[in-house]
Amino acid sequence: MPCLPLCSLIGQVKVFRAMFTFDPRTPDELYFEEGDILYISDTSDSNWWKGTCRGRTGLIPSNYVAEQAESIDNPMHEAAKRGNLSWLRECLENKVGINGLDKAGNTALYWGCHGGHKDVVEVLLGQSNVELNQQNKLGDTALHAAAWKGYSDIVDMLLNKDARIDIKNNEKKLALDMATNAQCASLIKRKQGGSDLPLAVRNHDN
């Protein structure tokens, strides 16, 4: 049976949600129940894929995954959007890519900042390979999102990790220009090193 296109990239973990319970017939096979999240890490064998579920690793019939499991294209993004810290940690433990982009070009960090999920942002910023300054298709970074939504605590966290403040989006706006409250603007201005800069706070209905 041909491998799903979603699983064709070697070395990239793919994530599925089981639609039915699978009862293993041998000790090497992985037991999982309906609704469980499956992390597929090795698809080199066309018949048996290596996967992890609830911290256990084993073999899963590839045809089961192809026919009876629902793919989750951006699990890290979904966890960050929802503020689901336990799922986010599980994704990290199972080596799901931290800097992957969704269809809009957003990272998981962007969504964590956009949603104001401070604990999620803290965990992501603790990863050594996290990309702070990735721009989405609108040119916005995580700092743009946090400033626009008015989350000053997250703006502060990003700045402490040296997020760039000189990146302009497609509308030629800096994160400072996007700031919707004085506290966010003040933090960015302080990072710029000048208190005499104009306060760039625009009214925006969140």
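Residues that are of a type outside the set (V, I, T) and more than 17 Å from Q127 (Cβ to Cβ) occur at least once in the range 92-102. Here the condition is being charged (D, E, K, R) and at pLDDT below 95; of D140, D177, D196, it holds for D196 alone. Contact map, the range 52-66: residues that are polar (S, T, N, Q) paired with residues that are at pLDDT below 85, Cβ distance under 6 Å, separation 6+ or inter-chain. Pairs shown: N63/M1.
Answer yes or no as to whether W148 is out of contact with any His (no Cβ under 6 Å at 6 or more places or on another chain), of a type in the set (A, V, I, L, M, F, W, C) and at pLDDT 95 or above. Lay out the reasoning, then the answer.
On the way: out of contact with any His (no Cβ under 6 Å at 6 or more places or on another chain): yes; of a type in the set (A, V, I, L, M, F, W, C): yes; at pLDDT 95 or above: yes.
Considered against the rule, which asks whether it is out of contact with any His (no Cβ under 6 Å at 6 or more places or on another chain), of a type in the set (A, V, I, L, M, F, W, C) and at pLDDT 95 or above, W148 comes out as yes.
On the stretch given as the range 132-159, residues that are closer than 17 Å to H117 by Cβ and surrounded by fewer than 24 Cβ atoms within 10 Å (Cβ to Cβ) total 8. Are there any helices (runs of 4 or more DSSP H) wholly within the range 52-131 with 1 or more residues that are surrounded by 17 or more Cβ atoms within 10 Å (Cβ to Cβ) and either touching a Lys or Arg at 6+ places or on another chain (Cβ under 6 Å) or hydroxyl-bearing (S, T, Y) (or both), and if so which? Here the list reads 62-68, 108-115, 118-125. Just to be sure before I move on: is A163 under 19 Å from the mean Cα position of the chain (by Cα), crowded, with 19+ Cβ neighbours inside 10 Å, modelled with pLDDT of 95 or more and assigned to a loop (DSSP other than H, G, I, E, B) in the structure I sent? So A163 fits the description; yes.
The values are calculated or read from the model by the stated rules, or taken from the named source; none is laboratory data. None of the values given here were measured: they were computed from a predicted structure. No Cβ is skipped: glycine too gets one built from the backbone with ideal geometry, and neighbour counts run over all protein chains shown.
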